[in-house]
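Before any comments, here is the structure.
The values are calculated or read from the model by the stated rules, or taken from the named source; none is laboratory data. Computed from a prediction, not measured in an experiment: that's the story for all the values here. Ligands, DNA and RNA are stripped out before the accessible areas are found, and what is left, the full protein with its side chains, is counted by its heavy atoms. Shrake-Rupley method; radii C 1.70, N 1.55, O 1.52, S 1.80 Å.
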Amino acid sequence: MGNILVVDDERSIRFTVKAFLESEGHSVETSEEAESAMELLRSKPFDVILTDIILPSISGVDLLRQIRERSPHVQVQVSR
């Protein structure tokens, strides 16, 4: 199964998505903001990143740009 990173500032969303994906056999890390998401991305590879478009410090679109610079082949899904 895949390594997935979930980035969302809403705790309930992070918790629910993590629980669902782990029940399907995926390894899931979570982050509530872009800076810690990028730290996680530097520490391990991810197959998929799910991110909210509205984050506290920078937008999900800006996070997507940073991810593309660091890991151009990772799949990213940006949601509202």
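Some points to look at:
- Taking 0.36 nm per residue of separation and subtracting the Cα-Cα distance, full extension of the segment from V48 to R70 would add 6.5 nm.
- Accessible surface of the chain, 1.4 Å probe, proportion on carbon and sulfur as whole %: 51
- Accessible surface, per residue, of the chain when the full set of protein chains is kept, probe 1.4 Å, Å²: 62
- Helix-derived mean residue ellipticity, 222 nm - over the chain, DSSP H n ≥ 4, -39500 (n - 2.57), to 500: -13000 deg cm²/dmol
- Restricting the calculation to Cα atoms, the chain yields a radius of gyration followed by a Dmax of 11.4, 31 Å.
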